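Structure record follows, encoded as structure tokens.
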């Protein structure tokens, strides 16, 4: 049943030879790796308005300037990452750039920040998508968290089926969203040009300013604008995912990835600028607490305010009952939820590279049945689901943790690229090539300066609103990865072979554990004798005097040519008594090898394990920690295990790679 359920969710396994078939053309790579930055335009404008309306309507005149700053920054970052794609096509992205040019520690800082960013991408994207669903169907509001978790589980299952298959599925909603938003922007601007500008449902509502944000001037006003700018920079999230996913593109990989990134940047800028312009034309009002709105219909404490893009769709297409309104809401909800797919592709790839470099467990470098990095996919979904549950699926609360990690990786990556170009110039004489490198270095230097400035702004404006959690999480991840690498290095040193060939032990002492005289015991004794040890002892522990006497009598009756040693255990501790005997034997022969044979029978069904004690497992677990001791399990398969094995044989040999998927 488990096997059938797995095949239903994951699909039939793919052989390693078909890895090349999973490479993506540009039309599929765009929704796979760029759905996050494309979808961010659905709430970036909303986040800008949310901050500016803290002081009422007086500061909305800042919105165009804030949006213009976001557009300039987005253009610079896209151009900068096109340089990364061309210079480092192996898929390490920001992590590889920082590691090679700024050192391993800088690389780990970038990796830690990106891992936090990918987790937040899943949480924020799904939560924002569910918000748009609730805007269309308000009755779902009480089930917000459950709906969020359901979508995370669905995304996990789809990504376990493989990158190419999930990409084909997610391509349609992405293109539907792009077409819908561009149509809404064009129609709305045309309506404005012909004197029939769209009017949002909230246009007539007044906004009560928070007392602490009323009448701001000077530096306080600058700080408000900077906070709005940092919130609007959510439009940049996910830009780096394409640089991590270059190996997934069809050849020529670098050129296809660079052109896809340019297309993504152009679409993101166009849609973000269009939505912001329409929001200002339609006089959209959007606040965190609906009770700040004078004129809000119904109970502001329980009512749900429509998102900015929902208000625009209703204003442009003739109300919340129009077909296009539901089209925009459905497409927005889908793209926001599927934007998490960017993280489901970026996080496992990054984790696999880190695992290959021994900074994360090696299991994260293993591909599953569908040639996806399944373990990374499952870990990402579990952590993101926990965050959604902890923050009640609130976009406003989650988004405060979001972009700090993004701009940390942006800044270090661009600084690393500047150093990369400096090294290229040192060995280059061709003046034409040098001009190209100078241009690339200027782009990356500008990107590094701008993203560093935004990083400071984000840290300063969002620290007390939840960003401090990211400030804690990044160093914790950094320390964890350094500790994992230190462990792997220590293991490698200890496992390094000594000079020379195979070293034979001086003498071998075999010990066969005996509970009663049955088939498994006789087989274990036979295997032990076949190994020709220097000494051979059968060891049993006295729990009941009657049982021991019966065992001795049967031992002598069968004439077994192996001495039977009996250990006393007044407290009925079999494991402790065996360990005591082995320790005593090791002290007597410290240079010799002790081979312990444990007879055990194998059952076929899980419920049969519950009917037998697990003393053999406990013994093995303890004996494995003893120096100079080798543990050998001698299995005896019962009839039920034969039946299960035959049934699995009829189903065919196991296929697929290791890992969860």
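The values are calculated or read from the model by the stated rules, or taken from the named source; none is laboratory data. Treat the numbers as computed from the prediction; the structure is a model and nothing was measured. Quick reminder, even Gly has a Cβ in these numbers, built from the backbone with ideal geometry, and neighbours come from all protein chains shown.
Here is a yes/no grid of residues against (1) closer than 24 Å to residue 415 by Cβ; (2) within 27 Å of the chain's Cα centre (by Cα):
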site	(1), (2)
453	yes, no
456	yes, yes
473	yes, yes
493	no, no
497	no, no
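Please go through segment 450-488 and pick out each residue that is crowded, with 18+ Cβ neighbours inside 10 Å and not in a helix (DSSP H, G or I).
467
For segment 581-601, name all the residues that are within 15 Å of residue 528 (Cβ to Cβ) and part of a strand (DSSP E or B).
593, 594, 595, 596, 597, 598, 599, 600 - these are the residues of segment 581-601 that are within 15 Å of residue 528 (Cβ to Cβ) and part of a strand (DSSP E or B).
Checking the conditions here, which among 528, 538, 524 is over 30 Å from residue 354 (Cα atoms) and assigned to a strand (DSSP E or B)?
From the options 528, 538, 524, the qualifying one is 538.
If residue 646 passes every condition in (1) in the same structural domain as residue 540 (by TED's automatic domain parsing); (2) in a loop (DSSP other than H, G, I, E, B); (3) at pLDDT below 65 but one, which one does it miss?
Condition (2) is where residue 646 drops out.
Can you name the residue in segment 270-287 that is out of contact with any helix residue (DSSP H, G or I) (no Cβ under 6 Å at 6 or more places or on another chain) and part of a loop (DSSP other than H, G, I, E, B) and, of all such residues, is farthest from residue 182 (Cα to Cα)?
Among those that are out of contact with any helix residue (DSSP H, G or I) (no Cβ under 6 Å at 6 or more places or on another chain) and part of a loop (DSSP other than H, G, I, E, B), it is 285.
Tell me the residue from 562, 578 that is assigned by TED's automatic domain parsing to the domain that holds residue 514 and not in a helix (DSSP H, G or I), please. Step through it out loud before you land on a result.
Values: 578 fails: not in a helix (DSSP H, G or I).
Matching residue, one of 562, 578: 562.
Out of 102, 114, 155, report the one residue that is over 22 Å from residue 469 (Cβ atoms), touching a helix residue (DSSP H, G or I) at 6+ places or on another chain (Cβ under 6 Å) and either free of Cβ contacts under 8 Å to residues at least 12 places away in the same chain or surrounded by 24 or more Cβ atoms within 10 Å (Cβ to Cβ) (or both).
155
Does residue 263 satisfy the criteria of being more than 29 Å from residue 209 (Cα to Cα), assigned by TED's automatic domain parsing to the domain that holds residue 381 and at pLDDT 90 or above?
Yes; evaluated as a whole, the condition is true for this residue.
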